[in-house]
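K.L.:
Below: one structure in structure tokens.
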Amino acid sequence: MIDEMLSQLSRWLCSDGSDSDIVISSRIRLARNLSGYPFMTRVTETDRRGIRDNVHRVVDKIFDGSDFYFVDVDVLPVLDRLYLLERQLISRELISSTGTRAALIDKSESFCIMINEEDHLRIHAMQSGFEPEKIWQSLNELDNKLSENLRYSFHPLLGYLSTCPTNVGTGMRVSVMLHLPALAITKEIEKVLRGLQKSHLTVRGLYGENSRPVGDLYQISNQITLGKTEMELIDTLRNFVPQVLKFERRSREFLLREQREIVLDRCSRAVGLLKTARTIGSVETLHHLSSLRLGVNTGLIDNITINEVNRLFLNTQPAHLQKILGETLTQNERDIARAKYLRSSLENI
């Protein structure tokens with residue numbers, strides 16, 4: 001499974017969606033629990049295995065088994081767990097908890113069903129660019145097929161029941177991952193973040209809950225689901241995100257018009273460091289790749305595509321780097337190997 005994934009760029013990084021110069025990806029996640037089992041705070045190991053086996057059986061019935069990977073996360077090596085986390089396919093909660101837990105991953109990496117995470121099921125789908133309606137259409141079809149074969153915990157007034165009260169209702173979280181380097185450079189990003197709070201949206205980093213923004217990557221999502229329909233939650237982002245895109249593009253235009261040499265210097269320094277460093281950490285790499293991505297999107301840097309930059313974002317992460325090299329490395333060894341990988345990848349820039 002991992003070897004097959006190594007040969008392809010994740011679908012959410014393919015830059016073929018709407019506004020993909022700024023919107024890295026869109027994602028929708030549904031929280032679902034099965035009737036007849038306790039919530040995850042009360043389940044036994046027998047319950048965990050029963051939930052896993054029921055979901056696996058139903059997905060196998062609905063789809064051709066060759067279309068997805070089934071992963072027993074509890075027996076998966078730690079490095080492979082981190083690899084799937086870096087690809088945004090499973091959560092930090094799933095890899096760090098204990099007991100029987102699993103994931104069903106579509107081979108195109110467009111959707112994943114996490115089993116025995118915070119809820120019995122966490123179903124999520126991703127796509128490049130700003131495409132929440134398209135994702136919801138396909139995810140809703142999947143959820144309907146599952147609900148025909150699995151009995152969900154549902155209350156006629158409250159909606160889908162969940163371990164966490166903030167997920168009661170639709171159980172939906174809609175999120176977009178944005179690359180906002182110009183707003184960060186012009187120090188306008190704080191105004192955007194304050195606007196998020198007024199719109200009942202929250203901001204996280206690359207790896208979702210409890211992660212901080214790094215490399216000018218911001219993940220924006222709804223805070224609550226109770227009392228909102230699915231389309232209302234999608235519309236909240238549909239109304240807010242275009243404003244953020246407008247502010248980012250306006251800031252890029254301002255920088256190119258008024259501070260072109262400063263921006264060019266920032267991008268050139270990033271390229272120079274990435275091409276010559278003998279050792280470099282993953283956070284510093286994301287910071288410089290952010291400048292490289294800005295340079296490509298504004299036409300200041302050529303001879304490299306956005307997809308190639310996106311691939312570097314992913315492949316320089318710790319688990320990906322070790323899987324590519326086929327060996328387990330210490331942090332110091334990773335920093336040296338990462339620098340070598342970057343020098344080789346960027347020698348023609």
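The values are calculated or read from the model by the stated rules, or taken from the named source; none is laboratory data. Computed from a predicted model, the values in this text were never measured in an experiment. Here the Cβ positions follow ideal geometry from the backbone for every residue, glycine too, while neighbour counts run over all protein chains shown.
K.L.:
Report, by residue number, each residue of the stretch 322-349 that is without any contact (Cβ under 8 Å) to a residue 24 or more places away in the chain and over 15 Å from Glu284 (Cα atoms).
P.N.:
Residues satisfying the conditions are Leu325, Gly326, Glu327, Leu329, Thr330, Glu333, Ser344.
K.L.:
Now a separate question. Going through the stretch 57-78 one residue at a time, which ones are under 30 Å from Arg204 (Cβ atoms) and surrounded by 15 or more Cβ atoms within 10 Å (Cβ to Cβ)?
P.N.:
Result: Val59, Phe68, Tyr69, Phe70, Val71, Val73, Asp74, Leu76.
K.L.:
Let me ask something else about it. Give me the pairs: first residue in the stretch 63-89 and assigned by TED's automatic domain parsing to the domain that holds Ser7 and of a type in the set (A, V, I, L, M, F, W, C), second residue assigned to a loop (DSSP other than H, G, I, E, B) and crowded, with 19+ Cβ neighbours inside 10 Å, beta-carbon distance under 7 Å, and six or more apart or on different chains, which are they?
P.N.:
Val73/Ile90; Val73/Arg101; Leu84/Ile90; Leu89/Glu109
K.L.:
Something else: Here is a check on your reading of the model: is Arg92 surrounded by fewer than 18 Cβ atoms within 10 Å (Cβ to Cβ) and either under 14 Å from the mean Cα position of the chain (by Cα) or of a type in the set (Asp, Glu) (or both)?
P.N.:
The answer is yes for Arg92.
K.L.:
Out of the stretch 116-170, which residues are in a strand (DSSP E or B) and without any contact (Cβ under 8 Å) to a residue 60 or more places away in the chain?
P.N.:
Listed by number, the residues that qualify are His155, Gly169.
K.L.:
Out of the residues in the stretch 301-349 that are assigned to a loop (DSSP other than H, G, I, E, B), among the β-branched types (Val, Ile, Thr) and surrounded by 15 or more Cβ atoms within 10 Å (Cβ to Cβ), state the one that is farthest from the chain's Cα centre (by Cα).
P.N.:
Taking the candidates together, the pick is Ile349.
K.L.:
With the structure loaded, tell me whether Asp3 is at positive phi and acidic (Asp, Glu) or whether it fails that test.
P.N.:
no
K.L.:
I would also like to ask the following. From the list Arg204, Arg269, which one is surrounded by fewer than 16 Cβ atoms within 10 Å (Cβ to Cβ), in contact with a Ser or Thr (Cβ under 9 Å, 6 or more places away or on another chain), among the charged types (D, E, K, R) and closer than 28 Å to Ala339 by Cα?
P.N.:
Arg269
K.L.:
Turning to a different aspect of this structure: Could you please let me know if Ile90 is more than 18 Å from Thr46 (Cα to Cα) and in contact with a Cys (Cβ under 8 Å, 6 or more places away or on another chain)?
P.N.:
Against the criterion (more than 18 Å from Thr46 (Cα to Cα) and in contact with a Cys (Cβ under 8 Å, 6 or more places away or on another chain)), Ile90 qualifies.
Here is a yes/no grid of residues against (1) aromatic (Phe, Trp, Tyr); (2) closer than 26 Å to Asp335 by Cβ; (3) without any contact (Cβ under 8 Å) to a residue 24 or more places away in the chain; (4) in a helix (DSSP H, G or I):
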site	(1), (2), (3), (4)
Arg194	no, no, yes, yes
Gln197	no, no, yes, yes
Ile234	no, no, no, yes
Val263	no, no, no, yes
Ser291	no, yes, no, yes
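K.L.:
When the stretch 46-101 is examined, which residues are found to be part of a helix (DSSP H, G or I) and hydroxyl-bearing (Ser, Thr, Tyr)?
P.N.:
Hits for the stretch 46-101 are Thr46, Ser66, Tyr83, Ser96.
K.L.:
List the number of the failed condition for Phe130; all other conditions in (1) within 24 Å of Thr328 (Cβ to Cβ); (2) crowded, with 22+ Cβ neighbours inside 10 Å; (3) hydrophobic (A, V, I, L, M, F, W, C) hold.
P.N.:
Going through (1) within 24 Å of Thr328 (Cβ to Cβ); (2) crowded, with 22+ Cβ neighbours inside 10 Å; (3) hydrophobic (A, V, I, L, M, F, W, C) one by one, Phe130 breaks only (1).
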